[in-house]
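Student: Pasting a structure here, questions to come.
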Amino acid sequence: MENIILQTHGISVKYGDFLALDDVSISLKNKHIYGFIGENGAGKTTLMKVLTGLLYPTNGDFSLFGKNKPCDILKMRRHIGSTIEAPALYPEYSAYRNLELQRILIGNPDKEICDKLLGMVGLTEVKDKKVGKFSMGMKQRLSIAMALVGKPRLLILDEPINGLDPKNISELRSLLKRLNEENDVTLFLSSHILNELYLLATDYYIIHKGRIIKSITHDELDKKLSVTGQSLEEYFLSITGGDSNV
């Protein structure tokens, strides 16, 4: 039986009369890559905020690395790395200084990890350059390095390819694959760009208007597309449009 590292049960989030998440239940298995697909405003970022402790759910609960008590979940969150919405970077500091501050903040005693991570994300040559002068792709790579300072077992990234050009997207995809294959990191990646997630993910959750409407593996998706002759976009639209054949 595959190891489930995160499981939610009926998570709901309500803002006044608006239901941002509605009875969301998901399970993440160790060493898998999950594509979290949905239109803008579907609830992707809201769920990621709940999982990382940035937002408390109105209803529901979840377990993390086998723990379900609030005090234990708080401790287990040290094994999560995340980038939610805009990367939290200091533009007046260098890439190295940003990583060093993050290392100190989370209490990682490994003083060599900053250089290791800069090498991993391909930023060694610009380690002393101010982040404010970085391109969008460089900032995205640095934000992932920041999320890796704590040597996480689970990496949660909200729209990591948003705003990147094709070259940056290809480089980021290669980096994420290496993290999964060489470092055994489980990935939970949100995006509304289906084709890119298709090249990376092993499993998918599709969210629509705050509800999980489909859970499917990559192999199952391939078979579905082969049988129906649909494109990825057509398949997604058939689900979100309420097609009973999905």
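The values are calculated or read from the model by the stated rules, or taken from the named source; none is laboratory data. Model, not experiment: these values are computed from the prediction. Virtual Cβ from ideal backbone geometry, glycine too; neighbours counted across all protein chains shown.
Student: Of all residues in the stretch 201-226 being within 15 Å of GLY35 (Cβ to Cβ) and of a type in the set (Lys, Arg), which is surrounded by the most Cβ atoms within 10 Å (Cβ to Cβ)?
Tutor: If we take residues in the stretch 201-226 being within 15 Å of GLY35 (Cβ to Cβ) and of a type in the set (Lys, Arg), then LYS214 is surrounded by the most Cβ atoms within 10 Å (Cβ to Cβ).
Student: While we're on this one: Which fully enclosed strands (runs of 3 or more DSSP E) of the stretch 1-103 have 1 or more residues being more than 18 Å from LEU157 (Cβ to Cβ) and in contact with a helix residue (DSSP H, G or I) (Cβ under 6 Å, 6 or more places away or on another chain)?
Tutor: On the way: elements: 4-15, 18-24, 27-29, 33-37, 59-64, 80-83.
Strands (runs of 3 or more DSSP E) meeting the threshold: 4-15, 18-24.
Student: Still on this model: Picking from LYS130, LYS151, which residue would you name as being at pLDDT 90 or above, surrounded by 14 or more Cβ atoms within 10 Å (Cβ to Cβ) and at positive phi?
Tutor: LYS151
Student: Something else: Out of all the residues in the stretch 104-112, is one or more within 21 Å of the chain's Cα centre (by Cα) and modelled with pLDDT under 95? Can you show your working first?
Tutor: Residues of the stretch 104-112 that are within 21 Å of the chain's Cα centre (by Cα), as a first pass: 106.
Imposing the further condition that a residue be modelled with pLDDT under 95 reduces the set to 106.
Within the stretch 104-112 (the criterion being within 21 Å of the chain's Cα centre (by Cα) and modelled with pLDDT under 95), the answer is yes, since at least one residue qualifies.
Student: A follow-up question, please. So which of VAL121, VAL131 is among the β-branched types (Val, Ile, Thr) and touching a Pro at 6+ places or on another chain (Cβ under 9 Å)?
Tutor: Answer to the selection: VAL131.
Student: If you don't mind, there's one more thing I want to ask. Name the residue, out of GLY10, GLY41, GLY35, GLY66, that is within 16 Å of TYR205 (Cα to Cα) and either of a type in the set (Phe, Trp, Tyr) or at pLDDT below 95 (or both).
Tutor: After applying the criteria, what remains is GLY41.
Student: Can you list residue pairs whose Cβ atoms sit under 7 Å apart, with the first residue in the stretch 30-55 being aromatic (Phe, Trp, Tyr) and the second being surrounded by 18 or more Cβ atoms within 10 Å (Cβ to Cβ) and in a helix (DSSP H, G or I)? Count only pairs 6 or more apart in sequence or on different chains.
Tutor: The qualifying pairs are PHE36/LYS44.
Student: Next question, about the same structure. If you scan the stretch 108-125, which residues turn out to be surrounded by fewer than 18 Cβ atoms within 10 Å (Cβ to Cβ), touching a helix residue (DSSP H, G or I) at 6+ places or on another chain (Cβ under 9 Å) and not charged (D, E, K, R)?
Tutor: Correct list: ASN108, PRO109, GLY122, THR124.
Student: What number of residues within the stretch 2-19 are closer than 20 Å to SER215 by Cβ and free of Cβ contacts under 8 Å to residues at least 12 places away in the same chain?
Tutor: Of the residues in the stretch 2-19, 0 are closer than 20 Å to SER215 by Cβ and free of Cβ contacts under 8 Å to residues at least 12 places away in the same chain.
Student: Does any residue in the stretch 216-228 that is modelled with pLDDT of 95 or more come within less than 7 Å, Cβ to Cβ, of a residue that is among the polar types (S, T, N, Q) six or more places away or on a different chain, and which pairs are these?
Tutor: Filtered contacts from the stretch 216-228: THR217/THR202; HIS218/THR202.
Student: Also: For LEU142, state whether it is surrounded by 15 or more Cβ atoms within 10 Å (Cβ to Cβ), at pLDDT 95 or above and within 21 Å of the chain's Cα centre (by Cα).
Tutor: no
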